[in-house]
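Each remark here refers to the structure printed beneath this line.
The values are calculated or read from the model by the stated rules, or taken from the named source; none is laboratory data. Remember, predicted model here, so these are calculated numbers, not experimental data. Note: ideal-geometry Cβ built from the backbone for every residue, glycine included; neighbour counts use all protein chains shown.
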Amino acid sequence: MEIPADVIKACRKNDRKAQFELHRLSYGMLMGICLRYERNREDAESLLNMGFLKIFTNMDKYQDNVPFEAWARRIMINTIIDNFRKNKKYIERIEVREESDLDFNNRVSFNEADLQFDAEVLENMIRELPAISQKVFNMHVIDGFSHKDVAEMLGMSVGTSKWHVSNARKILKKKIVQQKELADKTLVL
């Protein structure tokens, strides 16, 4: 995503046409971030709008020596985190269940899974994770935040952050195995 310097300069002056152009150029990248954290498109669009409002109102704080994409991405992720904190008391409770040790007979190679799964299928599996586990998984695995950073941003312990990532991985592994078994049955028929 390359945003021309003149568009950024005009956005700093609250030029509506430049803001529209900035929105058009960065919509796909920023919407992709929102969709990783929200289960439905309407909630993702709501977050996107909140993020764009912050971007437009903070254009004077943008420094030209920082890539605009990185700056906008950080604002969008912070908007998502702020929204999570604001709505934390309403977010579904996670039921903690002990699962048996890994079944070594049903191991799946993620390289093998990568070959067989479409990225969209994997994104849908991530969206089906419990809400908090999905957010923590996205922040740690996809966006690269440390467990310490995730814990601080979401108001939880580092251990809880690690548990959510582990829980998400177990759930995803189970879904991948089920998908692979379904694909194998389809090939046999």
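Here are some notes:
- Residue in segment 11-30 that is under 30 Å from residue 178 (Cβ atoms) and either basic (Lys, Arg) or at pLDDT 90 or above (or both) present: no
- Single unsatisfied condition, residue 96 versus (1) outside the structural domain of residue 32 (by TED's automatic domain parsing); (2) within 16 Å of residue 168 (Cβ to Cβ); (3) at pLDDT 70 or above: (3)
- Among the residues of segment 139-189, those that are at negative phi, surrounded by fewer than 19 Cβ atoms within 10 Å (Cβ to Cβ) and part of a loop (DSSP other than H, G, I, E, B) comprise 143, 146, 156, 157, 189.
- Scanning segment 125-138 for residues that are in a helix (DSSP H, G or I) and not aliphatic (A, V, I, L, M) gives 127, 133, 134, 135, 137, 138.
- Count - residues of segment 13-37 that are more than 24 Å from the chain's Cα centre (by Cα) and either within 30 Å of residue 125 (Cα to Cα) or surrounded by fewer than 14 Cβ atoms within 10 Å (Cβ to Cβ) (or both): 5
- Members of segment 1-56 found to be free of Cβ contacts under 8 Å to residues at least 40 places away in the same chain, assigned to a helix (DSSP H, G or I) and basic (Lys, Arg), listed by number: 9, 16, 17, 24, 41, 54
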